[in-house]
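Only one structure is covered here, and it is reproduced in the block below.
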Amino acid sequence: MRTKTFITKPVHIEHRWWVVDAEGQTLGRLASKIAPYLTGKNKPIYTPNIDTGDYVIVINADKIVVTGNRLDDKVYNHHSNYPGGLSSITLRDQLIKHPTRPVENAVRGMVPKTALGRHMLMKLKVYAGNEHPHAGQNPQKLEFKGE
């Protein structure tokens, strides 16, 4: 008798919605807890070539915490591909101008750098305040163990 291998198909996948409160949480540790939910690695039906992940809503992204001197030492660089086109901004300034980008960038570094990874990032919704427009999806609060 042969046992058949289960292969996940798109019909088997159920995308759930989660909401995470980022207030008082460390940036990198929060991102490393969100990434498995986006990729679907927390599910038993995980398959690397299919998007089995869930939607994650992050609220209060402007109230994240970083350790040490990272507010001034961490620098985000961007180049426009023109001579002299290097732009740099510190984490402190980034939190003032665009408070959602540090969380997005931290999670972006923890998902695959492929077309599937870019598709997974579209399921990440980050908001600076306490409100989000996804109440119709009935998101469940995501609590991490050990907190």
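Throughout, read-outs are computed from the coordinates displayed, never taken from laboratory work. Note that the structure is predicted; figures quoted are calculated from it, not measured. Cβ atoms come from the backbone with ideal geometry, glycine included; neighbour counts cover every protein chain shown.
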Item to check | Computed P(r) (all Cα pairs; the stretch 26-110; 10 Å bins; percent) | outcome: 16, 39, 27, 17, 2
Checklist outcome for this item: Bridge orientation stat for the chain from DSSP, antiparallel percent rounded to 5, came to 30
Next on the checklist: About the Cα centre, and with charges only on the beta carbon of Lys, Arg (+1) and Asp, Glu (-1), how big is the dipole of the stretch 26-84? Nearest 20 debye, please.
Outcome noted: 200
Checklist entry - Do the sum for the chain: with -39,500 (n - 2.57) for every DSSP H run of n ≥ 4, divided by all residues, what is the mean residue ellipticity at 222 nm, to the nearest 500 deg cm²/dmol? => result -7000 deg cm²/dmol
Next on the checklist: Nothing charged except the Cβ atoms of Lys and Arg (+1) and of Asp and Glu (-1): what's the magnitude of the dipole of the chain about its Cα centre? Round to the nearest 20 debye.
Outcome noted: 660
Checklist entry - Roughly how tilted is helix 27-39, in degrees to the nearest 10 and between 0 and 90, from the longest Cα axis of the chain? => result 30
Next on the checklist: For Lys33, give me every one of the lysines with a C-alpha distance below 16 angstrom, ignoring sequence neighbours fewer than eight places off in its own chain.
Outcome noted: Lys41, Lys43, Lys123, Lys125, Lys141, Lys145
Checklist outcome for this item: Compactness summary of the chain: radius of gyration and Dmax from Cα atoms, Å, are 17.6, 67
Item to check | Among Leu30, Thr5, Tyr76 the positive-end extreme of the charge dipole of the chain (Cβ point charges) | outcome: Thr5
